[in-house]
Amino acid sequence: MPRKPTGRHPLMKPQPFSFSPFGRSVARVASAYKLKGQMPGSKFHSKNSPNTPGNGFVNHALEDGSEKSESSEEEGFEGVIQADFSFFDPKPDDFHGVKPLLGAYLDDKQWDLSGFVDLILSQITVGTVVKIENNEDDGLYSVVTALNLGRYKDHKCIMEIKEFLLKVCQEKEVLENLRSFVVEQAHDVGLLVTQRVANLPPQLLPPLYDALFDEVSWATEDEPTEELRNSFRFKFYLLVSRIYKNKNANQERRPNSSSDEAIIYIKPEDEIFHKLSSWSFSFPLRTQQVATHELKNYRLVGLVMAMDANKVSTFRQLLKSLINEE
Amino acid sequence: MATRLQFENSCEVGVFSKLTNAYCLVAIGGSENFYSTFEGELADVIPVVKTSIGGTGIIGRLCAGNKNGLLLPHTTTDQELQQLRNSLPDQVVVQRIEERLSALGNCIACNDHVALTHTDLDRETEEMIADVLGVEVFRQTIAGNILVGSYCSFSNRGGLVHPHTSIEDLDELSTLLQVPLVAGTVNRGSEVIAAGLTVNDWTAFCGSDTTATELSVIESVFKLREAQPSAIVDEMRKSLIDSYV
């Protein structure tokens, strides 16, 4: 029957899931431990192995000599929280978990966000949500999906997204590309929606994107009707995201270039997408961002990117190497 | 009548507003739509005041009030306090209180006669509540939750509580409050009733995700269908006037 993952991609290493600066420092410590081997693709079909004991680190040899000995002494917390993240198919009950993640998708525009979330959750064959296994709280940490702009063109939320993007695109050369994407070529374009809590461990990203692109290719074979199968044969992917741009970006490069980078990517995969994209544009955001000291020279802007679907395998490889070297 | 609306893209309208029988507070910073929806419903009857508390917009969760008074947390600035005193009717006593649990809206649920409070509230605060709001105070929990101000919302005519409230608890609370109560949800299954809904004796505002079923439960338990502000005054008039001379 459908070759879908059983929704079990447990990461057997301890993962912190608290929303705090402490959580981030613990994530840095946790990333010092490397997985013993690569996660095999065949794991999709196996049930996850029995739970690791409460004290986390027992299963993993500390091969890494460069292990940081940061002790988790902040806030009097003794150990590291272990969490097994699991990937699930979206279902309608996830509404209250997904909606807050996508609240800022179209800046501060009031639009049919609820309808958009419903649309994502109704597409069960392609799309993944990340939750913690067996947690009664049912907290949702990430959502990833790809929506065919042509298939859903009559939905109010999709029309509002198209209208928003066409309105905020201020670069004339790109506007033509964008217009052809959302109007004429809509049937070949997949809107890649990906959002997560800020400190979700980056080790989850390669399997998450693998799951998405694998589901897309399985859907081209497993969907019941020809029309649905074709709707997943994306030729292009469109992404709406956010980056920090250096406010002084327009000035000429000085010979002794400052250590300031022109763009800071909030999500690491955005950098890879941007590099592989065929075209992209940025647009100003109306919501004010809290200015921290490190980011005082940067401004938060929205970024829209379009990538050819045949670059997906390159993306997956680059993402894996980027995450593994961190 | 119950109205559905949003504050920016959030359906938690009970967080950004506070509605009573004598006044309505609305957070600064939403689009004009939010404010004008309230104005449209209430303008001729009660003042609609734009304000912040402690510089934040979550005013519905930080303050507690009814037609007799308004209680503000210690984080309220002097300017905000003064502005509220100036904008609200004279008979409303505006009082800033020193209470460790500063999210008063989450800790206190009240109508014009009774208040339910968080079990850990100070004794002095309880006296202040009784004094300023003119209510009888009961320390209670709702479905095991101590944040009574978040998980229930009641007016003088009815109330809505957390969906997991047992029948015995419902009966007990209903006796305490002397109003009919119903366990239900708002905003498509959200259990945080008071965050998604704000209500007085003749009108209610709830988040736009609220389903038609939830809305009809709200309208029926709070008796909003026939309710007009004048209807209440007329009802009272009948009982006040003994004979025409």
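What net charge is computed for the residues neighbouring B:His118, neighbours being all others with C-beta under 11 Å from the C-beta of B:His118, Lys and Arg scored +1, Asp and Glu -1?
Values: positive: B:Arg100, B:Arg139; negative: B:Glu99, B:Asp120, B:Asp122, B:Glu126.
Around B:His118, the charge tally is -2.
Can you give the net charge of the other residues whose Cβ lies under 14 Å from the Cβ of B:Val179, counting K and R as +1 and D and E as -1? List each step's numbers first, then the result.
On the way: positive: B:Arg157, B:Lys223; negative: B:Asp112, B:Glu136, B:Asp171, B:Glu172, B:Asp201.
Residues close to B:Val179 contribute a combined charge of -3.
What is the mean number of Cβ atoms from other protein chains located within 10 Å of the Cβ atom of each residue in peptide B:4-11, rounded to a whole number?
Mean partner-chain Cβ count within 10 Å for B:4-11: 4.
Compare the Cα positions of A:Ile132, A:Phe181, A:Leu200 along the charge dipole of the range A:119-262 (+1 at Cβ of Lys, Arg; -1 at Cβ of Asp, Glu; about the Cα centre) and return the one farthest towards the positive end.
Going by the Cα projections, it comes out as A:Phe181.
With θ taken as phi - 60° and the coefficients 6.51, -1.76 and 1.60, list the Karplus ³J(HN,Hα) couplings across the range A:92-100 in order, rounded to whole Hz; mark glycine and proline as x.
Couplings: x, 5, 7, 3, 6, x, 7, 4, x Hz.
Could you list the square roots of 5 times each eigenvalue of the Cα gyration tensor of the range B:17-62, that is, the equivalent ellipsoid semi-axes, sorted largest first and rounded to whole Å?
On the way: eigenvalues 60, 31, 9 Å².
So the three semi-axes of the range B:17-62 are 17, 13, 7 Å.
At 37 °C and a viscosity of 0.692 mPa s, what translational diffusion coefficient does Stokes-Einstein give for the range B:127-203, taking Rh as the Kirkwood radius over Cα pairs? Give it in µm²/s as a whole number. Numbers along the way, then the final one.
On the way: Rh = 12.9 Å.
So the translational diffusion coefficient is about 255 µm²/s.
What is the Å³ per residue value for the convex hull set by the Cα atoms of the range A:151-281? If you can, show how the numbers build up before the last one.
Values: hull volume 19.6 nm³, N = 131.
For the range A:151-281, the hull spanned by Cα atoms encloses 150 Å³ per residue.
Based on the Kirkwood radius over alpha-carbon pairs, what is the Stokes-Einstein translational diffusion coefficient of the range A:258-326 at 20 °C with 1.002 mPa s viscosity, in µm²/s? Could you put the intermediate results ahead of the total?
Values: Rh = 13.9 Å.
In µm²/s, the coefficient rounds to 154.
From the P(r) of the range B:102-235, could you give the percentage of C-alpha pairs in the tail past 18 Å?
On the way: 4584 of 8911 pairs.
Everything past 18 Å amounts to 51 percent.
Between B:Glu39 and A:Asp222, what FRET efficiency follows from the Cβ-Cβ distance if R0 is 45 Å, with the result rounded to 0.05?
On the way: r = 54 Å, r/R0 = 1.19.
So the FRET efficiency works out to roughly 0.25.
May I ask for the equivalent-ellipsoid semi-axes of the range A:114-158, computed as the square root of five times each C-alpha gyration tensor eigenvalue and listed largest first in whole Å?
Working: eigenvalues 124, 23, 10 Å².
Rounded to whole Å, the semi-axes are 25, 11, 7.
Among bridges DSSP assigns within the range B:135-208, what percent are antiparallel (round to 5)?
75
For each pair in A:Lys99/A:Lys320; A:Lys131/A:Lys247; A:Lys153/A:Lys235; A:Lys99/A:Lys267; A:Lys247/A:Lys311; A:Lys99/A:Lys167, compute the distance between the two Cα atoms and list the pairs where it is over 26 Å.
Values: A:Lys99/A:Lys320 28 Å; A:Lys131/A:Lys247 37 Å; A:Lys153/A:Lys235 17 Å; A:Lys99/A:Lys267 19 Å; A:Lys247/A:Lys311 31 Å; A:Lys99/A:Lys167 24 Å.
Violating the 26 Å limit, Cα to Cα: A:Lys99/A:Lys320; A:Lys131/A:Lys247; A:Lys247/A:Lys311.
With N set to the number of residues, divide the alpha-carbon radius of gyration of the range A:91-216 by 2.2 N^0.38 Å and report two decimals.
Working: Rg = 15.3 Å, N = 126, 2.2 N^0.38 = 13.8 Å.
The reported ratio for this selection is 1.11.
With a point put 7 Å past each Cα toward its Cβ, work out how far B:Thr75 is from A:Arg286 in nm, to one decimal.
Distance between label points: 2.7 nm.
Quick one: net charge around B:Asn200, please, counting Lys, Arg +1 and Asp, Glu -1 for every other residue with C-beta under 12 Å from its C-beta. Don't jump to the answer; show the numbers that get you there.
Values: positive: B:Lys18, B:Lys67, B:Arg157, B:Lys223; negative: B:Glu41, B:Asp112, B:Asp201.
Surrounding charge for B:Asn200 is +1.
So what does log10 I(q)/I(0) come out to for the range B:32-98 at q = 0.12, 0.18, 0.24, 0.25 Å⁻¹, using the Debye formula with one equal point on every Cα and no solvent?
Ignoring solvent entirely, the Cα scatterers give -0.31, -0.70, -1.17, -1.24.
Over the range A:118-192, what number does the Rg to Rh ratio reach, with both radii from the alpha-carbon atoms and Rh per Kirkwood? If you can, show how the numbers build up before the last one.
Values: Rg = 15.6 Å, Rh = 14.1 Å.
We get a ratio of 1.10 for the range A:118-192.
Starting from the Kirkwood radius over alpha-carbon pairs of chain B, derive D by Stokes-Einstein at 4 °C in a medium of 1.567 mPa s and give it in µm² s⁻¹.
Numbers: Rh = 17.9 Å.
Answer from the Stokes-Einstein relation: 73 µm²/s.
Could you tell me what a quarter of the Cα convex hull surface of the range B:8-140 works out to, in nm² with one decimal place? Intermediate values should be presented prior to the final figure.
Values: hull surface 30.5 nm².
Result: 7.6 nm².
What Kirkwood hydrodynamic radius do you get for the range B:86-157 when you take the inverse of the mean 1/r over all pairs of distinct Cα atoms, in Å? Before the final figure, lay out the partial values.
Numbers: mean 1/r = 0.0794 Å⁻¹.
Taking every pair of different Cα atoms in the range B:86-157, averaging 1/r and inverting gives 12.6 Å.
Give, in nm to one decimal, the length gained when the segment between B:Asn145 and B:Arg225 is fully stretched (0.36 nm per residue of separation minus the Cα-Cα distance). Can you show the working numbers first?
Details: separation 80, 0.36 × 80 = 28.80 nm, distance 3.05 nm.
That pair, B:Asn145 and B:Arg225, stretches by 25.7 nm at full extension.
Every number here is computed from the coordinates shown, using simple stated rules; none is lab data. These numbers were taken from a predicted model, which means no experiment stands behind them. A quick note on method: Cβ atoms are made from the backbone with ideal geometry, for glycine too, and the neighbour counts reach across all protein chains shown.
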